[in-house]
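The values are calculated or read from the model by the stated rules, or taken from the named source; none is laboratory data. Quick caveat: nothing in here was measured; it's all calculated off a predicted structure. Neighbour counts are summed over all protein chains in view; Cβ atoms, including those assigned to glycine, are modelled from backbone coordinates with ideal geometry. Side chains are part of the model used for accessible areas, which takes the heavy atoms of the whole protein and leaves out ligands, DNA and RNA. Shrake-Rupley method; radii C 1.70, N 1.55, O 1.52, S 1.80 Å.
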Amino acid sequence: MLNITASAKKHLKSKCIENNKKYILLDLKPSGCAGFEYSWGYCDSPSVQYDRLIDDLIVVSYEAQSAVSGSTIDFNKELVGSYLTVENPNIQSACGCGVSFTL
């Protein structure tokens, strides 16, 4: 359903420890000029029975599951900063700044 690179796992695990939470929560929210954007947060358990736990690290909300299916999450570290990327094959188009997208 969702692939997480080794560098992303390491980064996300450290963020969970830093924030004293068990899991990272991945959801979608309506936003931006293209329609949706990813919403990241923390949780200690899936909120509903249909949320899905991936690699004992990321809880994907029920609403976001079909939208992120087949995606790869990676963590990139550069001189000017670091960031997570989501390579999502389900995106039909994205806004110019790359934050919001259409499914």
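Give me the pairs: first residue in region 17-36 and farther than 12 Å from Phe101 by Cβ, second residue open to solvent by 60 Å² or more (accessible area, probe 1.4 Å) and hydroxyl-bearing (Ser, Thr, Tyr), beta-carbon distance under 6 Å, and six or more apart or on different chains, which are they?
Final answer for the pair search is Asn19/Tyr42; Lys21/Tyr42.
Tell me, which residue of region 70-87 that is open to solvent by 50 Å² or more (accessible area, probe 1.4 Å) and either among the acidic types (Asp, Glu) or in a helix (DSSP H, G or I) (or both) is farthest from Asp27 (Cα to Cα)?
Here the residue is Glu78.
Quick one: what pairs do we get from region 88-103, first residue closer than 14 Å to Pro30 by Cα, second open to solvent by 70 Å² or more (accessible area, probe 1.4 Å) and assigned to a loop (DSSP other than H, G, I, E, B), C-beta under 7 Å, 6+ apart or different chains?
Within 7 Å, the pairs are Cys95/Cys33; Ser100/Cys33; Thr102/Gln92; Leu103/Gln92.
Residues checked against (1) in contact with a Gly (Cβ under 8 Å, 6 or more places away or on another chain); (2) small (Gly, Ala, Ser); (3) closer than 10 Å to Ile73 by Cβ:
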{"residue": "Ala8", "(1), (2), (3)": "no, yes, yes"}
{"residue": "Cys16", "(1), (2), (3)": "no, no, no"}
{"residue": "Asn20", "(1), (2), (3)": "no, no, no"}
{"residue": "Ser39", "(1), (2), (3)": "no, yes, no"}
{"residue": "Ser45", "(1), (2), (3)": "no, yes, no"}
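What single numbered condition from (1) within 17 Å of Ala94 (Cβ to Cβ); (2) among the aliphatic types (A, V, I, L, M); (3) not in a helix (DSSP H, G or I) fails to hold for Ala67?
(3)
Considering only residues of region 26-48 that are within 13 Å of the chain's Cα centre (by Cα) and open to solvent by 50 Å² or more (accessible area, probe 1.4 Å), which is farthest from Gly70 (Cα to Cα)?
Top of the filtered list is Tyr42.
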